[in-house]
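Structure, as structure tokens:
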Amino acid sequence: MSKFDYLIVGAGLFGSVFAYEATQRGKKCLVIDKQNHIAGNIYTENIEGINVHKYGAHIFHTSDKAIWEYVNRFADFNNFINSPIASYKDELYNLPFNMNTFSKMWGIKTPAEAKAIIAGQIANLNIGEPQNLEEQALKLVGTDVYEKLIKGYTQKQWGRPCTELPAFIIKRLPLRFTYDNNYFNDRYQGIAIGGYTQIIEKMLAGSDVKTDTDYFEFIKENPDIAEKTVFTGQIDEFFGYRYGALGYRSVRFENEILDTDNYQGNAVVNFTDKEVPYTRIIEHKHFEFGKQEKTVISREYSAEWQPGIEPYYPINDEANNALYEKYKTLAATRPDVIFGGRLGQYKYYDMDKVIATALSAVDDEFGK
Ligand code: UDP
């Protein structure tokens, strides 16, 4: 007899939502994670009184009221609005691309002037339906914004030319002809007061949890541990890379504690020229309007994923998506396994989408 109803692999947001909902329905869950902590990539650690986003900035935003109410059951959220600054050589611009950006770039004041400049810049480029990120970006904002704020950053972030990246990535960012620096268009936005780890602690309260536990070793020794598995690791690794490895980008962080109360005056500064080796600097205290005497900053370096390091971003280009479809077909032959999250479903999900897909997996499993 299996000891647990569910073995949940990965103590991140997908696995933890599933564990919470399953335990609410009287199921027994064992949650394992290879890291020495829970919470996956939304893990926050208190350093010098500051909640440090150890795996990169996580700003919760959603337009789905039900998801917003759901996540607010596990933490209070503050009224942080993400308004990153772009640093290009010795120039600073507001993001996302909006009238503040255009006014600084061209010395203009009105939306009509900005639109005329962009139209003039793209008139001779003859871009139809954009086939890649470069065409999409040029079509949206013209050559100046593309060259200064997109090209260098994107090539650092993804390690390949913008012409080889899917257009949808740049459509994540709003483009507005208003003076509005809010990076997101969503109705609801904020940071979990006190960090994100507490959310996962509450979700996992009714489950057994084992960290420092590698699934592939664990399952060899405990093949009958559970009736079903929820797997939130890499789907290609689950199937032994049978059709080859999917592409991922990884990120490396250099964290520093500084003896100043305010290093850069903003939570997120993007470095958009290609000469600066990191993509952004996060100053964590600003996510919670911190008044501590010191500050903690993280420089974010992007890297190609290779076995042994953490994968962060699926590279959803055509070749990888086609390869993923083959793994998905294979996954359909395993009704005892539910695949979820960014790595299990190979999708560039934000936190709200991870919760939504986890809740829909719960519905599939237990009925609405
Ligand atoms: N991007 C850019 N310049 C910036 C910020 C973003 O060109 O200053 C592009 C880049 O291609 C990036 C994409 O927009 O991969 C999506 O950015 P987002 O901030 O959503 O990335 P994430 O926070 O998920 O890393």
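The values are calculated or read from the model by the stated rules, or taken from the named source; none is laboratory data. Computed from a predicted structure; not experimentally measured. Here Cβ is always computed from backbone atoms with ideal geometry, including for glycine, and neighbour counts include all displayed protein chains.
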Self-check item: Subset of the stretch 160-173 (residues that are closer than 19 Å to Tyr88 by Cα and buried (at least 17 other Cβ atoms within 10 Å of the Cβ))
Solution: Cys162, Ile170, Leu173
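Say we look at the stretch 1-22 and pick out the residues that are touching a strand residue (DSSP E or B) at 6+ places or on another chain (Cβ under 6 Å) and not hydrophobic (A, V, I, L, M, F, W, C); which of these is nearest to Ile235 (Cα to Cα)?
Per the criteria, the residue is Gly15.
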Exercise. Within the stretch 125-134, identify whether any single residue is in contact (Cβ under 8 Å) with a residue 24 or more places away in the chain, buried (at least 18 other Cβ atoms within 10 Å of the Cβ), near the ligand (Cβ under 9 Å from one of its atoms) and within 25 Å of Asp90 (Cβ to Cβ), and answer yes or no.
Key: no
Practice problem: Scan the stretch 294-314 residue by residue and report those that are touching a residue at least 60 places away in the same chain (Cβ under 8 Å), among the charged types (D, E, K, R) and either out of contact with any Phe, Trp or Tyr (no Cβ under 9 Å at 6 or more places or on another chain) or under 14 Å from His53 (Cα atoms) (or both). | Solution: Lys294, Glu300
Practice problem: Determine whether Thr23 is surrounded by 18 or more Cβ atoms within 10 Å (Cβ to Cβ) and touching a Lys or Arg at 6+ places or on another chain (Cβ under 9 Å). | Solution: no
Quiz item: So which helices (runs of 4 or more DSSP H) are wholly in the stretch 310-368 and hold at least 3 residues that are farther than 17 Å from Ser16 by Cα and modelled with pLDDT of 95 or more?
Solution: 318-331
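Yes/no per residue for (1) outside any loop (DSSP other than H, G, I, E, B); (2) among the β-branched types (Val, Ile, Thr); (3) within 24 Å of the chain's Cα centre (by Cα); (4) more than 12 Å from the ligand (Cβ to nearest atom):
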position: Tyr153; (1), (2), (3), (4): yes, no, yes, no
position: Asn181; (1), (2), (3), (4): no, no, yes, yes
position: Asp224; (1), (2), (3), (4): no, no, no, yes
position: Glu237; (1), (2), (3), (4): yes, no, yes, yes
position: Leu246; (1), (2), (3), (4): no, no, yes, yes
position: Arg252; (1), (2), (3), (4): yes, no, yes, yes
position: Thr260; (1), (2), (3), (4): no, yes, no, yes
Practice problem: Considering each of Phe60, Phe102 in turn, give the residue that is buried (at least 20 other Cβ atoms within 10 Å of the Cβ), at pLDDT 95 or above, in contact with a helix residue (DSSP H, G or I) (Cβ under 7 Å, 6 or more places away or on another chain) and over 21 Å from His286 (Cα atoms). | Solution: Phe102
